[in-house]
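Reading through the structure tokens given below for one structure.
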Amino acid sequence: MSLSLKLKNVPVSPGVYLMKDAKHKVIYVGKAKNLKNRVRSYFQKGTGDRLYTEYLIKHVVDIDFVLTETEKEALILENNFIKQFKPKFNINLRDDKNFLCIKLETNKDFPYPKVVRQCIKLETNKDFPYPKVVRQKEDDGAMYFGPYASARAVRETLRYINDTIPVRKCRDNAFKSRTKPCLYYQIHKCLGPCCGLIDRAGYKTLIDQVILLLKGKQEDLISILRKQMYEESKQLRYEKAAKLRDQIQSIEQTVEKQRINSLTFIDRDVFGYYLTDNDVYIEVMFIRSGNMEDIASYRLSINHTTIEEVFRSFLNQFYSQTRFIPSEVIIPVNSPDAVLLEEWLTERKGKKVSVFCPKRGDKLRLIEMAQKNAMNAYKVSQTQDDNYSRTLQALKDVIGLRNLPERIECFDISNIFGKQAVGSMVTFKCGMPDKSKYKRFRIKTVDQIDDYAMMHEVLLRRYKRAVEEGDLPDLVMVDGGKGQLGVALRVFEELAINDTDLLALSKDRGKSGIPKGEQGEQVHAPHIPHPILLPSSSPVLLFLAKIRDEAHRFAIAYHRKLRDKEYYKSPLDEIPGIGIIRKKALIKRFGSIEGIRNATINQLTEIGKLPAKLANEVYNHFHSAAKT
């Protein structure tokens with residue numbers, strides 16, 4: 001069906017529209033309460049933001065529609081489609097789907113606050129799955145606080161607790177085996193529960209204080225501590241009273257630093273932005289109980305759209321993530337979806353959530369504070385961009401490259417005596433890592449210790465495809481000396497790659513005569529007869545070493561993953577039809593692999609999760625292996 005015919009038959013219904021280009025690729029996703037009015041407005045003169053609309057419509061060849069019952073359903077579906085298709089003209093918020101919480105196992109005798117990771121679980125094996133947050137253990141009787149906006153916020157919170165309240169810091173294994181107090185006891189940062197120097201009741205008092213801090217009720221805790229201080233003073237225990245006094249002062253100083261100029265203790269997310277020609281910098285201040293808990297920065301490409309449209313799409317995606325939902329969401333521009341977002345967040349939180357754009361008062365001052373932080377984020381980014389631009393230019397000049405290396409791909413090999421050999425490729429764009437372009441390679445053609453052959457395989461696999469797709473970088477970098485450089489040069493000759501620069505980075509082994517403490521690294525390139533020795537303080541070397549170390553880290557992580565997988569491999573993995581669930585059921589029932597080996601067919605069938613045919617296969621697998 002042609003585009004003009006589709007436009008004539010647009011349904012009058014809530015839903016989502018997907019605009020596609022000539023290659024049938026989705027380039028824009030939008031939602032509407034009335035699809036007919038919304039979609040036709042793009043093709044009418046004198047409506048909307050013409051610069052943005054005209055630029056978008058030039059690329060639209062086809063439109064598809066997905067109808068929904070309500071606008072709220074369309075809002076959720078729009079977020080899903082943006083994540084799925086990553087359209088060119090949409091704001092695409094790349095945010096972590098892992099969240100950090102502080103876990104307090106209050107059901108145990110001497111708990112301590114520790115960090116656990118949350119993730120989003122989608123049970124695709126069920127008929128009607130939905131995304132939900134899972135922790136290391138679910139429904140285990142522990143208390144969870146968070147999720148926190150960043151690892152930095154979690155570290156600062158734990159440091160604050162450990163400096164203020166003398167709870168234990170050691171993990172369970174060390175706690176059980178300790179026979180004498182650790183250093184924390186000596187510096188009065190722990191009361192020695194591992195050695196029985198404090199009873200359960202006294203330790204529970206400390207945990208109650210930790211809970212008050214984690215809930216943001218510092219004022220309540222200060223009141224409790226002040227009463228204890230007066231009581232200790234009356235009993236002439238002045239040393240304990242002085243410790244309580246110092247603890248109160250520490251909490252008061254922290255509260256004073258965090259306190260925002262507001263008389264309310266409402267949880268709020270405050271948004272600000274700074275707009276440039278091509279990007280928008282969005283700053284989010286997370287205020288909990290009147291305290292500034294954390295701040296997050298986002299840099300997004302505006303793609304010729306308006307700031308109102310940016311915030312509409314950003315907020316929808318931001319709160320589609322599993323995160324804490326505050327009572328108030330304060331934004332600097334009027335969002336066309338404010339009412340709809342308010343209803344949706346209220347439904348998710350189970351309490352009233354307000355979304356509004358203030359015009360005066362304390363809330364406007366919070367917006368101004370967020371705006372200043374967004375401007376500062378832009379200035380910091382510009383400074384970093386300028387530094388990277390100078391470094392890239394210096395790299396080009398020092399090595400004598402033909403291209404300014406705006407996009408660099410670096411390779412490394414990892415193996416142990418030729419076993420579990422893997423290769424890694426990391427990509428740096430404009431001086432920054434582009435993790436969406438990272439690649440991992442499992443070596444397929446080399447089964448012995450031959451780093452050169454492994455590097456040849458990885459480079460050939462990567463650039464054979466890159467040549468076909470026209471996706472070559474400005475600079476290719478390999479970890480190693482002349483040998484690795486020769487391998488890369490041979491691959492380039494095989495594939496007739498002429499326009500991409502090439503270099504290798506290797507350690508200076510002392511042959512240059514430079515004292516050991518001042519040795520740097522050697523850069524090898526095809527067009528220079530002798531390696532260039534860069535001193536350890538050179539910005540160019542620091543930049544190249546950063547890229548090389550990232551490639552090494554990425555390769556080691558993949559190699560360790562494969563090694564661990566091989567280490568934990570079970571004989572049950574070799575039996576077709578035995579998955580994770582059935583494996584767990586067998587181990588739970590018989591206790592070990594040896595117990596499964598000694599089980600009869602009738603005992604295997606009694607499990608319930610094991611059909612008779614599969615029970616026979618398990619039995620025959622172990623007993624035929626025993627005969628062999």
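The values are calculated or read from the model by the stated rules, or taken from the named source; none is laboratory data. Since the structure is predicted, the reported quantities are computational estimates derived from the model, not experimental observations. Every residue, glycine among them, receives a Cβ derived from its backbone with ideal geometry; neighbour counts consider all protein chains shown. Side chains are part of the model used for accessible areas, which takes the heavy atoms of the whole protein and leaves out ligands, DNA and RNA. Shrake-Rupley method; radii C 1.70, N 1.55, O 1.52, S 1.80 Å.
Here are a few things to note about the model shown:
- Contacts under 8 angstrom Cβ, first residue in the stretch 309-338 being closer than 21 Å to residue 38 by Cα and in a helix (DSSP H, G or I), partner open to solvent by 10 Å² or more (accessible area, probe 1.4 Å) and among the aromatic types (Phe, Trp, Tyr), 6 or more apart: 309/52; 310/273; 311/273; 314/298; 338/356
- Candidates 381, 389, 297 - the one that is closer than 30 Å to residue 540 by Cβ and open to solvent by less than 20 Å² (accessible area, probe 1.4 Å): 381
- Taken together, the residues in the stretch 204-219 that are at pLDDT below 75 and in contact with a Leu (Cβ under 8 Å, 6 or more places away or on another chain) amount to 1.
- The lone exception for residue 228 - which of (1) in a helix (DSSP H, G or I); (2) under 25 Å from residue 266 (Cβ atoms) it fails: (2)
- Some residue of the stretch 436-445 being surrounded by fewer than 17 Cβ atoms within 10 Å (Cβ to Cβ) and assigned to a helix (DSSP H, G or I): yes
- Per the listing 111, 129, the residue uniquely in contact with an Asp or Glu (Cβ under 6 Å, 6 or more places away or on another chain) and at pLDDT 80 or above is 111.
- Residue 468 being buried (at least 16 other Cβ atoms within 10 Å of the Cβ) and of a type in the set (D, E, K, R): no
- Residues of the stretch 33-54 include none that is part of a strand (DSSP E or B) and at pLDDT 80 or above.
- Among residues of the stretch 268-283 being assigned to a strand (DSSP E or B) and among the acidic types (Asp, Glu), the one that is nearest to residue 373 (Cα to Cα) is 283.
- For the stretch 448-502, the set of residues classified as part of a helix (DSSP H, G or I), among the charged types (D, E, K, R) and in contact with a helix residue (DSSP H, G or I) (Cβ under 8 Å, 6 or more places away or on another chain) consists of 451, 490, 494, listed by residue number.
- All positions within the stretch 1-26 that are of a type in the set (A, V, I, L, M, F, W, C), at pLDDT 85 or above and either farther than 16 Å from residue 67 by Cβ or open to solvent by 30 Å² or more (accessible area, probe 1.4 Å) (or both): 12, 19, 26
- When residue 500 is tested against (1) more than 30 Å from residue 382 (Cβ to Cβ); (2) modelled with pLDDT of 90 or more, only condition (1) is not met.
- The conditions of being farther than 14 Å from residue 268 by Cα, out of contact with any His (no Cβ under 9 Å at 6 or more places or on another chain) and outside any helix (DSSP H, G or I) are met by residue 360.
- Some residue of the stretch 428-447 being aliphatic (A, V, I, L, M), more than 29 Å from the chain's Cα centre (by Cα) and over 30 Å from residue 338 (Cα atoms): yes
- Condition met for residue 409 (of a type in the set (D, E, K, R) and open to solvent by 40 Å² or more (accessible area, probe 1.4 Å)): no
- Filtered by the rule that a residue be in contact (Cβ under 8 Å) with a residue 40 or more places away in the chain, part of a helix (DSSP H, G or I) and acidic (Asp, Glu), the stretch 375-413 gives a lone residue, 385.
- Taken together, 93, 100 contain a single residue that is in contact with a strand residue (DSSP E or B) (Cβ under 9 Å, 6 or more places away or on another chain), farther than 25 Å from residue 280 by Cβ, modelled with pLDDT under 80 and not polar (S, T, N, Q), which is 100.
- When residues of the stretch 164-204 are limited to those that are among the hydrophobic types (A, V, I, L, M, F, W, C) and surrounded by fewer than 10 Cβ atoms within 10 Å (Cβ to Cβ), the one nearest to the chain's Cα centre (by Cα): 183
- Long-range neighbours under 6 Å by Cβ, at least six apart or interchain, first residue in the same structural domain as residue 412 (by the TED database) within the stretch 532-560, second surrounded by fewer than 17 Cβ atoms within 10 Å (Cβ to Cβ) and not polar (S, T, N, Q): 540/394; 540/398
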